[in-house]
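Computed from the coordinates by the stated procedures, all read-outs in this text should not be read as laboratory data. Just so we're clear, the structure is a prediction, and the values are computed from it rather than from any experiment. Counting neighbours? That spans all protein chains shown, and the Cβs are built from the backbone with ideal geometry, glycine included.
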Amino acid sequence: MTDRQESMFLQYASNVIRAFAEIRYLIFDYQNAYRKDPALRGKAFGILEMTTYAGLWAITFHRFAHVLFVARVPFLPRLLSQISRFLTGIEIHPGAQIGKGFFIDHGNGVVIGETSQIGENVLMFHQVTLGNADFNSTGKRHPTIGNDVIIGAGAKILGPISICDSTIIGAGSIVTKSAPIHSVVVGNPGRVIRRDGIKVG
């Protein structure tokens, strides 16, 4: 084995181990769902009710599909993602990188593209799309979402832009430009109306 081949193998092994370790994030995903959904908080059978949540089923499928995707297992990652889509109405490409504490509330119609990157403790509502704005592009094509972001129902975030930490994307917004930290973005096209609690414009 040449030095280059050894380096590539070690990188591959490191990526697979890291992806496999992300399965433990499911604990945080379920904890975050319990904290952020008022329909669950304080209920004696809240944990049991969570097993009926499509968003939690979708992220559970995704955690395992992502490991297989990183390990370059053919066909199976996409099969798992399509089974999940059929069962939940939520489509998450197995290549998407999703941090711990991810929760999709209601969930139906959510689409998350292959090169999407999502930080920790992100709350997303139904009909959200993290999509590609240029179908001729290669490489990074989908958004990067920071930590503690809330994305309202029906929002579309398109292209390789960044939505920084603690930002709120309003329902129905079409966002094609990056958003700064601690901001509120609304409208079509999406625009920043608040930053650090101060009205903008």
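Which of the following residues is of a type outside the set (S, T, N, Q), touching a strand residue (DSSP E or B) at 6+ places or on another chain (Cβ under 9 Å) and farther than 25 Å from residue 36 by Cα: 159, 172, 109?
On the way: 172 fails: farther than 25 Å from residue 36 by Cα; 109 fails: farther than 25 Å from residue 36 by Cα.
Only one candidate qualifies: 159.
Report, by residue number, each residue of region 155-176 that is touching a residue at least 24 places away in the same chain (Cβ under 8 Å) and under 13 Å from residue 123 (Cα atoms).
Across region 155-176, the qualifying residues are 155, 165, 171.
Being part of a helix (DSSP H, G or I), surrounded by fewer than 19 Cβ atoms within 10 Å (Cβ to Cβ) and more than 19 Å from the chain's Cα centre (by Cα) is the requirement here; does residue 87 meet it?
Details: part of a helix (DSSP H, G or I): yes; surrounded by fewer than 19 Cβ atoms within 10 Å (Cβ to Cβ): yes; more than 19 Å from the chain's Cα centre (by Cα): no.
Considered against the rule, which asks whether it is part of a helix (DSSP H, G or I), surrounded by fewer than 19 Cβ atoms within 10 Å (Cβ to Cβ) and more than 19 Å from the chain's Cα centre (by Cα), residue 87 comes out as no.
Please list, ordered by residue number, the helices (runs of 4 or more DSSP H) wholly in region 1-80 having 2 or more residues that are in contact (Cβ under 8 Å) with a residue 12 or more places away in the chain and in contact with a Phe, Trp or Tyr (Cβ under 9 Å, 6 or more places away or on another chain).
On the way: elements: 3-21, 25-36, 46-50, 54-70.
The helices (runs of 4 or more DSSP H) meeting that bar are 25-36, 46-50, 54-70.
For region 128-201, please list each of the strands (runs of 3 or more DSSP E) lying entirely inside it that holds at least 2 residues being among the charged types (D, E, K, R) and on the phi < 0 side of the Ramachandran plot.
Values: elements: 129-131, 156-158, 183-186, 191-195.
It comes to 191-195.
Are any residues in region 102-114 surrounded by fewer than 24 Cβ atoms within 10 Å (Cβ to Cβ) and in a loop (DSSP other than H, G, I, E, B), and if so, which ones?
Step one: list which residues in region 102-114 are surrounded by fewer than 24 Cβ atoms within 10 Å (Cβ to Cβ), which gives 105-109, 111, 113-114.
105, 106, 107, 108, 109, 113, 114 - these are the residues of region 102-114 that are surrounded by fewer than 24 Cβ atoms within 10 Å (Cβ to Cβ) and in a loop (DSSP other than H, G, I, E, B).
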